[in-house]
Amino acid sequence: MASDWFLEEYKLLQSKIDQVLTSQFQVRSWSVSLLTGFVLGVFATHTSPLALLIAVPIILTFQLQDKRQEWFRKSLSRRAADLESGAWEERYGHLRNKHELDVGLRLIVAELD
């Protein structure tokens, strides 16, 4: 039973890592394409090179997205490594055997008169 859970979790993590890598490649490609288009457009139309400043926020947005995806990929990779090494099982394996888990969420209802 534990090995079935482990295998399914590992497959899911690897699938997510693959999706993030594909998305990262697309974001980087779009970033390069946009920058190239802006540079060629500025020089082809003899526009002031200051017009390239328009591209800066767009490129920064793509870079921030790339960094976020990189962080997410590393996080998933650490989780996969913990599953492979057994570190996750040592730290959290006991939680899988519990029938219920109290995580401290409470709903407080009050009537105000």
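Here are the numbers:
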{"read-out": "Search result, residues across region 73-113 that are in contact with a Leu (Cβ under 9 Å, 6 or more places away or on another chain), closer than 17 Å to L12 by Cβ and not polar (S, T, N, Q)", "value": "R73, L76, R79, A80, L83, E89"}
{"read-out": "Selection status of E90, modelled with pLDDT of 85 or more and not hydroxyl-bearing (S, T, Y)", "value": "yes"}
{"read-out": "Checklist (1) touching a residue at least 40 places away in the same chain (Cβ under 8 Å); (2) surrounded by 15 or more Cβ atoms within 10 Å (Cβ to Cβ); (3) among the hydrophobic types (A, V, I, L, M, F, W, C) applied to L21, failing item", "value": "(2)"}
{"read-out": "Residue list for region 29-71, filter: over 27 Å from I17 (Cα atoms) and among the β-branched types (V, I, T)", "value": "T36, V39, V42, T45, T47, I54, V56"}
{"read-out": "Residue match in region 72-83 (condition: more than 17 Å from the chain's Cα centre (by Cα), surrounded by 12 or more Cβ atoms within 10 Å (Cβ to Cβ) and touching a residue at least 40 places away in the same chain (Cβ under 8 Å))", "value": "yes"}
{"read-out": "Members of region 46-71 that are in contact (Cβ under 8 Å) with a residue 12 or more places away in the chain, farther than 19 Å from S15 by Cα and within 23 Å of the chain's Cα centre (by Cα)", "value": "I58, I59, F62, Q63, Q65"}
{"read-out": "Some residue of region 63-75 being touching a Phe, Trp or Tyr at 6+ places or on another chain (Cβ under 9 Å) and assigned to a helix (DSSP H, G or I)", "value": "no"}
{"read-out": "Residues of region 55-72 classified as touching a Leu at 6+ places or on another chain (Cβ under 9 Å) and modelled with pLDDT under 85, total", "value": "4"}
{"read-out": "Test: residue in region 41-61 that is part of a helix (DSSP H, G or I), surrounded by 13 or more Cβ atoms within 10 Å (Cβ to Cβ) and among the aromatic types (F, W, Y)", "value": "no"}
{"read-out": "Pair list, Cβ under 8 Å, 6 or more apart: region 26-42 residue in contact (Cβ under 8 Å) with a residue 24 or more places away in the chain, other residue assigned to a helix (DSSP H, G or I) and charged (D, E, K, R)", "value": "V27/D66; R28/D66; S31/D66"}
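The values are calculated or read from the model by the stated rules, or taken from the named source; none is laboratory data. Everything numeric here is computed off the predicted structure, so don't read it as measured data. Here the Cβ is made from the backbone with ideal geometry for all residues, glycine too, and neighbour counts use every protein chain on show.
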